[in-house]
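Nothing in this text is a laboratory measurement; each read-out follows from the coordinates by a stated rule. Quick caveat, the model's predicted, so the values are computed rather than measured. Neighbour counts run over all protein chains shown; Cβ positions are idealised from the backbone, glycine included.
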Ligand code: SF4
């Protein structure tokens with residue numbers, strides 16, 4: 001049995017095409033997303049990351065959704081940069097709990113050199129545990145990105161947050177272009193990019209399409225695309241914004257999967273408030289990465305037990321850490337997994353079709 005040829009990797013999506021995907025009947029959209037997903041991933045594997053805040057609060061930026069911004073009174077105290085030993089101990093625990101990637105976040109506009117020196121040592125030590133490393137430290141210039149890359153940082157997270165059109169409603173202290181510049185510096189230094197956005201901030205449906213267009217126009221696509229549901233925090237300007245319908249959230253996951261077929265799409269912040277059913281739909285729509293652990297920077301994340309129960313219920317398993325394998329071995333392992341999946345489930349050949357042809361047809 002052979003699978004249909006993989007969906008084309010495109011960077012030239014038109015807004016109309018993306019909106020047409022959003023407008024598909026829900027079943028058709030999820031079916032298409034699931035097919036694209038199965039062409040590139042083991043459908044039942046979910047990459048698991050753990051996130052630790054290494055420096056919390058008093059951020060000079062004014063992101064309207066963020067409890068860490070020093071512009072809003074959310075009752076969050078200002079903390080110093082965590083000591084290296086504490087970070088490494090947490091990373092060790094995360095690995096023991098099944099995480100393959102350890103993400104560290106600091107509430108900075110951009111890191112100062114004396115802080116960066118400490119952070120570089122954190123990267124080296126966490127990496128030496130056999131974990132993939134990811135950091136989010138705010139804006140990076142060329143040289144900072146290079147230093148992190150040399151220390152062994154695998155991923156850098158820097159979200160676009162929303163569409164360029166809606167961006168000014170959410171953040172005024174840094175521009176969209178500055179975000180894109182940081183991403184270019186990260187890529188230029190040879191690191192992988194983790195970049196996505198937040199839904200449910202009062203944006204219009206067209207903004208969701210426009211944000212995904214921006215992400216998909218990055219070449220190569222971000223390896224990791226976190227799609228967050230706003231967690232409304234008291235004291236932030238978005239505390240009373242209207243809820244986003246979970247079905248619209250799942251639609252965005254599905255469209256992200258179709259547009260960025262090889263990226264890990266992460267079901268990110270906001271999971272705590274989602275039902276198991278919504279999360280299951282998000283996995284069907286092509287989400288294949290989660291944060292695991294009891295805190296997501298400063299907002300609650302479902303506890304590990306709930307996640308394990310959900311994985312068991314859905315027959316999901318954590319994706320293996322492939323950092324020690326070369327590209328060819330990775331491809332081979334994925335092919336074998338896809339073949340096994342098809343044979344085990346006796347998936348009829350006609351279920352696989354060329355999803356590219358479908359998406360190309362959308363006007
Ligand atoms: S999202 Fe990041 S940059 Fe924005 S206020 Fe929060 S910590 Fe600062």
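Side notes on the structure shown:
- At full extension, residue 248 and residue 129 could sit 38.9 nm farther apart than now, given 0.36 nm per residue minus the alpha carbon distance.
- Rounded if a/c under 1.5, otherwise prolate or oblate - segment 90-140, Cα gyration tensor axes: prolate
- At R0 = 22 Å, FRET efficiency that the Cβ-Cβ distance of residue 85 and residue 114 yields, to 0.05: 0.75
- For segment 155-267, the relative contact order is 29 percent, taking Cα pairs closer than 8 Å that sit 6 or more residues apart in sequence and dividing their mean separation by the residue count.
- Note on residue 23/residue 173: beta-carbon distance plugged into 1/(1 + (r/R0)^6) with R0 of 45 Å gives a FRET efficiency of 0.80.
- Projected area averaged over orientations for segment 15-318, convex hull of C-alpha atoms, nm²: 14.0
- Convex hull of Cα atoms in segment 67-224, direction-averaged projection (nm²): 9.9
- Label zone (residue 184, point 7 Å along Cα-to-C-beta; backbone nitrogen cut-off 13 Å) within segment 207-237: 218-219.
- Prolate/oblate/rounded label for segment 157-261 (Cα gyration tensor, a/c 1.5): oblate
- Solution diffusion estimate, µm²/s, Stokes-Einstein, segment 1-92, Kirkwood Rh from C-alpha pairs, 10 °C, viscosity 1.306 mPa s: 87
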